[in-house]
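Below is one structure, written out as structure tokens; the observations come after it.
All of the numbers you see were taken from the coordinates with simple rules; none came from a lab. Since this is a predicted model, take the numbers as computed values, not measurements. Positions of Cβ are generated from backbone atoms using ideal geometry, with glycine treated the same way; all protein chains shown enter the neighbour counts.
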């Protein structure tokens with residue numbers, strides 16, 4: 001595991017919704033031992049959801065409070081005995097493939113390695129990225145946070161996290177990854193009210209397809225129209241990972257993202273295995289500059 005935060009998402013819903021892309025998946029249950037991702041479908045464009053247009057605005061103070069509450073709950077959970085064996089506890093903190101946090105600890109327990117999770121205590125003021133309320137999906141709300149906290153080696157390091165909540169529920173961690181050394185989060189393009197601008201849904205579908213193609217080694221590189229940068233983490237990690245017990249990725253979770261101030265696009269998502277061998281997750285924070293066909297990898301987190 002590369003850091004104390006890890007996760008992935010497969011939110012219930014369908015196709016490309018402005019500001020967030022979904023793939024169909026069964027909703028996680030408290031009795032499931034692991035999330036149940038499904039292969040990525042062909043994107044379609046749904047009609048606007050009436051509930052989304054009538055939704056009250058999620059404000060930055062509310063998102064800040066939600067982040068604080070989640071961190072407090074997460075840190076308190078780590079003090080509980082074998083919390084990773086309690087599905088209701090996991091369901092209270094994580095959504096979808098982020099439930100692999102429990103799977104990860106169960107694996108460590110099996111091998112006698114001790115717990116791998118540590119408290120998360122951000123330093124400074126986290127930066128928050130929120131879409132306009134009418135751009136939120138009809139099935140809930142999401143926001144992205146950038147916070148500096150310690151990685152597994154104790155080094156202060158920027159991390160990017162996405163949170164999601166269903167109507168009437170609390171926010172839960174959906175996906176997270178550290179930012180690579182030497183990289184930084186791009187500045188978002190904001191509207192007059194301070195909300196982030198929609199990401200390019202078509203580009204999001206192509207970028208996630210290219211990452212699956214690369215890791216699964218099943219199609220010619222660039223078939224999606226995009227290519228991974230030569231110095232990306234994935235290019236360095238794949239040779240070593242492929243020699244181990246690697247199981248191909250069957251799909252990905254929801255893609256969170258926004259347009260950048262200089263016209264590029266930022267994407268945050270996770271790749272997951274199929275339902276019969278859900279043992280690996282790869283979270284990615286990516287940037288495609290304006291007019292470019294190269295995917296820049298800003299951050300990544302592999303765990304199995």
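Odds and ends about this structure:
- Rel. contact order, % - alpha carbon contacts under 8 angstrom, at least six apart, the stretch 162-236: 15
- Note on the stretch 241-304: Kirkwood hydrodynamic radius from all Cα pairs is 13.0 Å, rounded to one decimal.
- R0 of 45 Å, Cβ-Cβ distance residue 202-residue 69: FRET efficiency to nearest 0.05: 0.80
- Calculated FRET efficiency for the pair residue 148/residue 216, C-beta based, R₀ 45 Å, to 0.05: 0.85
- Packing rank of 189-195, 284-290, where each peptide gets the mean count of other beta carbons within 10 Å, highest leading: 284-290, 189-195
- In nm, spacing of pseudo-spin labels at residue 279 and residue 76 (7 Å Cα→C-beta vector): 3.5
- Label-point separation, residue 59 to residue 248 (7 Å along Cα→Cβ), nm: 5.0
- Hydrodynamic radius of the stretch 172-304 per Kirkwood, over alpha carbon pairs, in Å: 15.3
- The stretch between residue 230 and residue 111 holds 39.3 nm of extra length on full extension. This uses 0.36 nm per residue minus the Cα-Cα distance.
- Shape analysis of the stretch 198-248 yields a ratio of the Cα radius of gyration to the Kirkwood radius, Rg/Rh, of 1.01.
- Simple spin-label estimate for residue 184 and residue 125 gives 1.8 nm between the two label positions (7 Å along the Cα-to-Cβ direction from each Cα).
- Cα convex hull, the stretch 107-155: 117 Å³ per residue, rounded to a whole number.
- For the stretch 52-185, the Stokes-Einstein estimate of translational diffusion at 25 °C and a viscosity of 0.890 mPa s comes to 154 µm²/s, using the Kirkwood hydrodynamic radius over alpha-carbon pairs.
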